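Here the structure comes first, spelled out in structure tokens, and everything after it is commentary.
Here, each number is a calculation from the coordinates, and none is a lab measurement. Computed from a predicted model, the values in this text were never measured in an experiment. Reconstructed Cβ throughout: ideal geometry from the backbone, glycine too, with neighbour counts over all protein chains shown.
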């Protein structure tokens, strides 16, 4: 198995943006980013559609299950460069324990295979 131990989650996820005063406590939010223009949310496509949220990016979610440190150097460059060589865009969100990569829905399997090949 690969050094990064990528895991592809089931389902389709989306990036959407809502106003800063939108109540989100009832939502199953994967990630959020507060910006001056609004609150960016990553959540399931089904939940976003049910709420009538605008969908800005449909994607699949890959978690690098190897423990990653927030102050590590070069890991994001390593996998983003490998994905870019395969013409796969990626949006990366670092958690305390793992990196999470959101790739275009139609390129998820190709991205997973690419990540599986990466070795230290």
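Taking 8 Å as the Cα distance limit and 6 or more residues as the minimum spacing, I'd like the relative contact order of the range 6-117 as a percentage.
Contact order relative to length: 30 percent.
Compute the distance from the alpha-carbon center of the range 75-100 to that of the range 28-58, in whole Å.
After rounding, the separation between the Cα centres reads 20 Å.
So what's the back-of-envelope 222 nm ellipticity for the chain, counting only DSSP H runs of four-plus at -39500 (n - 2.57) apiece and dividing by all residues, rounded to 500?
Using -39500 (n - 2.57) per qualifying helix, the result is -6500 deg cm²/dmol.
Label 7 Å along Cα→Cβ of residue 69; the range 78-114 residues with amide nitrogen under 19 Å?
Flagged as within label range: 78-79, 94-100.
When a/c is below 1.5 the answer is rounded, else prolate if a/b is larger than b/c, else oblate, so apply that to the chain with a ≥ b ≥ c taken from the square roots of the Cα gyration tensor eigenvalues.
In terms of gyration-tensor shape, prolate.
Given 0.36 nm per residue, what is the gain on full extension from residue 57 to residue 91 after removing their alpha carbon distance, in nm?
Length gained, residue 57 through residue 91: 11.2 nm.
Pick from 101, 55, 24 the residue whose mean-square fluctuation is largest in a GNM of the chain, springs joining Cα atoms under 10 Å.
In the Gaussian network model the winner is 24.
Which angle from 0 to 90°, rounded to the nearest 10, does the C-alpha axis of helix 108-117 make with the longest principal axis of the chain?
The angle comes out near 30 degrees.
Which angle between 0 and 90 degrees, to the nearest 10, do you get for helix 75-85 versus the longest principal axis of the chain when only C-alpha atoms count?
So the helix axis and the longest Cα principal axis differ by about 90 degrees.
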